[in-house]
Structure formats: C-alpha cells, structure tokens
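The next block holds one structure in the form of structure tokens; read it before the comments.
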Amino acid sequence: MDWLQILSNTASSILSPATIGYALAALGLAVHFGYAGLINMGIAGFMAIGAYGYAISILTFGFEWWLGAIIGLVAAAVFALILGIPTLRLRGDYLAIVTIAAAEVVRLLFLTTAFDAVTGSADGLSGYHASFRASNPIPPGTYGFGPWTYNETGWWVRIMGLITIGIAVLVVWMLTHSPWGRVLKGIREDEDAVRSLGKNVFSYKLQALVLGGVLAAAGGIVYALPSAVSPGVYVTSLTFFVWTALLLGGAATVFGPLLGSLIFWALQTFLSNVLPALAEAGLLFGLSQIQAGTLRFILVGIALMLLVIFMPQGLLGNKKELTFVK
C-alpha cells in the first residue's frame, strides 16, 4: 500500500468542494434540528433544488452564474415554504416521514423523462461552467503546496465555497445569538411553553426551515460547481451522510457542522483508499476490492448509530446547554 498517496488524498479532501458543500448543508440542518428541533430527513432535496436551479438557470435561460446561484437559493426558499406551510404542525417522526418523501419526489421529478429537455433526466446536467470560470481573477497556472495543489479553476471553486461558508457562519451565529435564536431554542425544548408566552411557534419554525433550506441549497450549488449535476447524487443516503456530519460535530452549534463535515469526508476518503488496498493485499477476509469499497458505507452507518447512542451532543456540543426565551 502506498501510505503516502493515501494520506495525501485524505489531506486533499479537507478543501474539496464536497467537504464545503456538506458543511453548508450540515449548517442548514443544524438550524433545522439543532436549534429549531425540526427532524428534516429531506436535506438532499434542498441540495438538489439549489444545484438544479443553478444549472438550469444558466443552461436554459442563459443567466450569469451569480444570478443562477441566487435563483437556486430562492427556489429552495420557495420549496421550504411549500413544504413547511402544511407540514410544520406535525411533530417528530411524522415530519421526518414527510420530508424524506418530499426529497424523493423532488429527485424523481428531476429524473423523469417528461422534463428531459430541461433537467437532463438520468444524464443530469453539465456544461454550465463557462460563466463561472470566466469570472475567475486567478491567472492560469498551478498553485499551492503538497496535497493542496490545484489549478486556477480548482482554487476559484474552493475560494468561492469558503467565502460562502464564512457568510453562512456569520449569519447563523448572529441569528442564534439574538432573541430570535433564543426563541428557536425554546421551541426545540418545549414549544407549548413558548406558545404560552405569546410567541408564534409556527412562524418561527417556518423561518428556520427557510433559512436552513437556503443554506443546504448553497451547499448543493458548491457541490456542483466543479463537475456536473446528477440525480443519482441526491439520494436518501446523502441525507444520512449530512446527518452523520452534523451529529459528529455537534447539532446545536455553529462550528460543529463544519468540523463534522471535515472529519467525515477525511474519514470517507481515507477508507475509500485503505479498504480496497487491504482487500488487494488479502487482508479483508477474502473481500474483493469492490466489496471493500462498499464496506465504508456500512462503517458510516455503524458510526451514526454509535454517535446517536453514546455522543448525541457531538464533539463541540454541550450536554448542559440551557435555553432562555425572551
């Protein structure tokens, strides 16, 4: 096994667009679940709407990349309103069922051949990068050091992704440390008590759903920036992976989703390199390289169960967090 190459690939994943996209989606999920107590199992749907809204705006309507990104975010906000108005009065497991079904409906709509001319159906969408790359101020060439060496396009994608994360973190931090955020935490703990204080619980939940959905859509856009939009990406397992990243870092925190996403993708990259190499060396009880590659998903599932059981607060969470409502 080439351990140097394995470690290099793992370190490179820290700044990958996938890691940045997951961090934004996990931050949105933190607003939903960590602060508002909404069990949203359809985060993949919001990411899909952001990515498809961005790509369709450019390919079908000829918009500039920045306008396409805005349209993707607005589409996610509209989807949150459509989803939230009839469902946010549901609690717990019922809301989870509705959101996971809604995300699957969205994916199937993008997958159907009825809208093939716009969505690309099973082939997805590609070739929408010209406008974004034309706005790149970085001169052509290769920059960086060690595993973090990329060309000008690779750095442009990562820089825009990091700027988006910075803005998102600032917005969420300011909101969660405001009276609005304290009301949201109170709803998470006991919405009946908050309602008795004269607060409109439904309105606060809807606002949280929209905000978190927009952040998840931003993650979907960043995820799609360097490559293509494919309906096969936005499956239910994507939602579970984002949940794993969230719970790993800490649900009711601002920086926990970022840390969790970084660790999650570093481990994913490490296992996707190590396990096939171990299988090739005959050290995985006769498993083939393909079987070894899928073994990492089993390990992710086990890790998610262990996190929920033994460390539900995550790495940066606080077991003794108090809730104050004004």
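Please list, ordered by first then second residue, the pairs with beta carbon atoms under 7 Å, 6 or more apart or interchain, first in the range 83-99 and of a type in the set (D, E, K, R), second assigned to a helix (DSSP H, G or I). Close Cβ pairs (under 7 Å, with a partner that is assigned to a helix (DSSP H, G or I)) amount to Arg89/Phe202.
Among all residues of the range 102-122, there is at least one that is closer than 23 Å to Pro17 by Cα, open to solvent by 60 Å² or more (accessible area, probe 1.4 Å), of a type outside the set (Val, Ile, Thr) and touching a helix residue (DSSP H, G or I) at 6+ places or on another chain (Cβ under 9 Å). Pairs meeting the criteria (first residue in the range 195-212 and aromatic (Phe, Trp, Tyr), second residue modelled with pLDDT under 95 and open to solvent by 70 Å² or more (accessible area, probe 1.4 Å), beta carbons under 7 Å, at least 6 apart or on different chains) are Phe202/Arg89. Within the range 183-210, the set of residues being open to solvent by 40 Å² or more (accessible area, probe 1.4 Å) and among the hydrophobic types (A, V, I, L, M, F, W, C) comprises Ala193, Leu197, Phe202.
Within the range 143-152, is there a residue that is modelled with pLDDT of 95 or more and outside any strand (DSSP E or B)? Scanning the range 143-152 turns up at least one residue that is modelled with pLDDT of 95 or more and outside any strand (DSSP E or B).
The values are calculated or read from the model by the stated rules, or taken from the named source; none is laboratory data. Computed from a predicted model, the values in this text were never measured in an experiment. Every residue, glycine as well, gets a Cβ built from its backbone with ideal geometry; the counts of neighbours run over all protein chains shown. Quick note on the areas: whole protein, heavy atoms, side chains included, nothing else; ligands and nucleic acids left out. Shrake-Rupley method; radii C 1.70, N 1.55, O 1.52, S 1.80 Å.
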